[in-house]
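Written below as structure tokens is the structure these notes are about.
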Amino acid sequence: MLLLTVVAGGCASPSNRSDNESARPKQRDAVDREPLSPLGRQPRIDSTLVALGRTLFRDKRLSSDDTIACSSCHDLANGGDDGQSLSRGVQGRMGQVNAPTVFNAALNFALFWDGRAKTLEEQINGPVTNPLEMNSSWDDVVIKLRGDASYVRLFRQAFEDAPTAQHVREAIAAFERTLLTPDSPFDRWLVGDSAAMTADQKEGYETFKSMGCIACHQGVNVGGNMFQRFGVLGDYFKDRGNISTADYGRFNVTHNEADRHVFRVPSLRNVERTAPYFHDGSAQTLRQAIAVMAKYQLGRSLSDRQVEVIDAFLRSLSGPAPLGSVL
């Protein structure tokens, strides 16, 4: 379908503890055994480098006709994606897959739906040179940046060097590594705040685990750490029809037949803000996505109540927008 902090406290005698304080160690013991982990704070990265990356992230000159920026498809004010089934690039060209959120992307073990990039720096190459996205070349991008005196100054401050393709990649990746969204209600619950989640959200989490969703959506990012076939217990693509090359997923990278229709499992953090869903953007609502995943990944038909509480749980995974993400 479709993190770990141990807080050490000083010793206190039982007579000096409130009932809540006495209960918290037991609760922490319980949540420490959970298959999901709370999301940590932003990493410490040189602020000059991050500021440069933030500026580049929103600069449309990275595209051939100066119309598309990273932020065009990854709107940091709206879930870190573009809200479209398929993204459009230069001259309105239609892309082949749904734009994943950039929030918490630094935690994914591979990038792109087919996992063809292993690092954020490597991933940045894709959109810049893709003819359906920015349709540019690094030579052209560097020429533009070196012709801008303000960029020359900013690159000197960050790298003690002139703009280069590698420096651009490093700066944007540094900025993206700050786009984490800790302190969701679920994170707070995991570290001991029993009131952080509603009764429906807690029921939904237990249902999420008991139904088997947790087999693929696990760890600090609630996904993003493995590949899986789309259609484990049902032929999603046959039922949907109109199969395209993009539907082959990881097969396009490895050319191994076993990887046909295999994709990187997406993170479910902030999922309520990233509709539509799946690589093809075919599920318009979160509840629709839950039902589709239950059918094709788990071979289950969920009741309305099960869908309702899983939806509630997934909404508990939304954290505040990262500091510095507003462009």
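The values are calculated or read from the model by the stated rules, or taken from the named source; none is laboratory data. Since the structure is predicted, the reported quantities are computational estimates derived from the model, not experimental observations. Here the Cβ positions follow ideal geometry from the backbone for every residue, glycine too, while neighbour counts run over all protein chains shown. Keep in mind that these areas ignore ligands, DNA and RNA; they rest on the heavy atoms of the full protein, side chains included. Shrake-Rupley method; radii C 1.70, N 1.55, O 1.52, S 1.80 Å.
Couple of notes before you dig in:
- Solvent-accessible surface (1.4 Å probe) assigned to Arg260 amounts to roughly 60 Å².
- Per-residue SASA entry for Arg61, accessible area with 1.4 Å probe, Å² rounded to 10: 80
- Extension gain from Arg153 to Ser210, taking 0.36 nm per residue of separation minus the Cα-Cα distance: 15.0 nm
- Residues Met293, Met94, ordered by accessible area of protein heavy atoms at a 1.4 angstrom probe radius and largest first, appear as Met94, Met293.
- Gain in span if fully extended, Ala199 to Arg44, counting 0.36 nm per residue against the direct Cα distance: 52.2 nm
- Where Phe230, Phe313 fall by accessible area, highest first, once all protein chains stay in place (1.4 Å): Phe230, Phe313
- Given their separation in residues at 0.36 nm each and the Cα-Cα distance between them, Arg116 and Asn130 gain 3.7 nm when the chain is fully extended.
- Taken about its Cα centre, the range 108-199 carries a charge dipole of about 120 debye when Lys and Arg each add +1 at the Cβ and Asp and Glu each add -1 at the Cβ.
- If you sort Ile143, Ile124, Ile243, Ile214 by accessible surface, 1.4 Å probe, largest first, the order is Ile143, Ile243, Ile214, Ile124.
- Solvent-accessible area of Val102, all protein chains in place: 10 Å² (probe radius 1.4 Å, heavy atoms, ligands and nucleic acids excluded).
- The range 116-235: C-alpha gyration tensor shape, a/c 1.5 cut-off, then a/b vs b/c: oblate
- Rounded if a/c under 1.5, otherwise prolate or oblate - the range 178-278, Cα gyration tensor axes: prolate
- Global geometry of the range 268-320, whether rounded, prolate or oblate, following the gyration tensor of its Cα atoms and the 1.5 cut on a/c: oblate
- Computed over the range 243-327, relative contact order equals 23 percent, with contacts defined as Cα pairs under 8 Å that lie 6+ residues apart.
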